[in-house]
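J.: The structure is given below, and queries will be raised subsequently.
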Amino acid sequence: LYGFNDFFPDRNVASPPWRKAMDISSPIALRLPYAFLGAKGELQLHSPVEFGIVPLRRILASAALLEEELQEVIAKQRVQEKTIVTELLLREMSEESESVGAQFVVVFLSVGQEAQGRYGHALEQQGIPFINCAFPEVHAPEMQVPEDGHPNGHMHTRFAECIAPHIHVSRLQSDGGR
C-alpha cells in the first residue's frame with residue numbers, strides 16, 4: 001500500500017515551496033533527491049542535491065530572497081512536469097512491486113477532489129488499483145497531532161477502517177519442507 005498525499009507531486013520534483021518547507025523545518029542544509037523528465041520524456045531520477053547554495057541565506061533576508069528567485073528559475077521546468085513525473089513514478093513503483101510478486105495499491109489519504117480525479121484517472125489508465133480514503137476532515141485540528149500537522153491516532157483509525165475491507169489475506173500452506 002502506498003499512501004498518497006496532495007503534496008507528493010511537489011515533493012517528487014523538489015518544487016521551491018516544498019523545498020522551502022523542508023529547509024525551514026531543518027537546522028542543517030538538506031540534500032534532497034528529485035525526479036524530472038529527460039529529453040525523450042522518460043523519467044529521470046536525480047541523486048540528492050543540496051539546495052541551500054547562497055551564502056548567508058539564513059542570516060540576510062536579501063540572500064534568502066535571491067535564493068528563492070534562483071530556485072524558481074532553476075525548477076520551473078520540473079514544476080511544470082510534476083503531474084506526469086508523479087504518474088511515471090507511480091507506474092515505476094507498480095512495476096517494481098510486480099517484479100517481486102507484490103501488488104502495488106495506491107491509497108488516497110490527504111488528496112483534494114481535483115487531484116483525486118486526475119490521479120485516479122491516470123491510475124485506472126495504467127491498471128493500478130487505488131483506494132480512496134481521502135476524508136475532508138483530515139485537516140481538522142481534532143484529527144491532527146498538535147503543532148505538527150500530521151494525522152493523529154483518530155485519523156489513522158479512520159484510514160485503517162477505510163483500507164481494511166480491501167485487504168484480502170492469502171494463507172500459504174507449508175509443503176513440509178519438500
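J.: Answer with yes or no whether Ala14 is touching a Phe, Trp or Tyr at 6+ places or on another chain (Cβ under 7 Å) and closer than 30 Å to Cys133 by Cβ. Spell out the reasoning first.
T.: Details: touching a Phe, Trp or Tyr at 6+ places or on another chain (Cβ under 7 Å): yes; closer than 30 Å to Cys133 by Cβ: yes.
Yes, satisfied.
J.: Only one of Leu30, Leu70 is modelled with pLDDT under 85 and open to solvent by 60 Å² or more (accessible area, probe 1.4 Å); which? If you could, list the steps in order and put the result at the bottom.
T.: Working: Leu30 fails: open to solvent by 60 Å² or more (accessible area, probe 1.4 Å).
Being modelled with pLDDT under 85 and open to solvent by 60 Å² or more (accessible area, probe 1.4 Å) holds for just one of Leu30, Leu70, which is Leu70.
J.: Please find, among Val85, Val105, Val73, Val100, the residue that is touching a Leu at 6+ places or on another chain (Cβ under 7 Å) and over 16 Å from Arg11 (Cβ atoms).
T.: Numbers: Val85 fails: over 16 Å from Arg11 (Cβ atoms); Val73 fails: touching a Leu at 6+ places or on another chain (Cβ under 7 Å); Val100 fails: touching a Leu at 6+ places or on another chain (Cβ under 7 Å).
Testing whether each residue is touching a Leu at 6+ places or on another chain (Cβ under 7 Å) and over 16 Å from Arg11 (Cβ atoms) leaves just Val105.
J.: Same structure again: Only one of (1) at pLDDT below 95; (2) outside any helix (DSSP H, G or I) fails for Glu137. Which number is that?
T.: (2)
J.: Among (1) open to solvent by 100 Å² or more (accessible area, probe 1.4 Å); (2) over 30 Å from Leu45 (Cα atoms); (3) in a helix (DSSP H, G or I); (4) of a type outside the set (Val, Ile, Thr), there is one condition Glu147 misses while meeting the rest; what is its number?
T.: Every listed condition holds for Glu147 apart from (3).
J.: With the condition kept exactly as written, say whether any residue in the stretch 88-98 is at pLDDT below 90 and within 15 Å of Gly38 (Cα to Cα).
T.: Applying the first criterion (at pLDDT below 90) to the stretch 88-98 yields none.
No, the conditions are met nowhere in the stretch 88-98.
J.: Right, next: May I ask you to say which residue of Ala122, Ala102, Ala164 is outside any loop (DSSP other than H, G, I, E, B) and over 17 Å from the mean Cα position of the chain (by Cα)? Spell out the reasoning first.
T.: Values: Ala122 fails: over 17 Å from the mean Cα position of the chain (by Cα); Ala102 fails: outside any loop (DSSP other than H, G, I, E, B).
None of the others qualify; the one that does is Ala164.
J.: Right, next: Count, please, the residues in the stretch 2-26 that happen to be assigned to a helix (DSSP H, G or I) and surrounded by 15 or more Cβ atoms within 10 Å (Cβ to Cβ). Step through it out loud before you land on a result.
T.: The first filter runs over the stretch 2-26 and keeps only residues assigned to a helix (DSSP H, G or I), leaving 8-13, 16-24.
Filter again for surrounded by 15 or more Cβ atoms within 10 Å (Cβ to Cβ), leaving 8-13, 16, 18-20, 23.
Adding up the residues that qualify gives 11.
The values are calculated or read from the model by the stated rules, or taken from the named source; none is laboratory data. Computed from a predicted structure; not experimentally measured. Ideal geometry is used to build each Cβ from the backbone, glycine not excepted, and the neighbour counts take in all protein chains shown. Heavy atoms of the whole protein, side chains included, go into the accessibility calculation; ligands, DNA and RNA do not. Shrake-Rupley method; radii C 1.70, N 1.55, O 1.52, S 1.80 Å.
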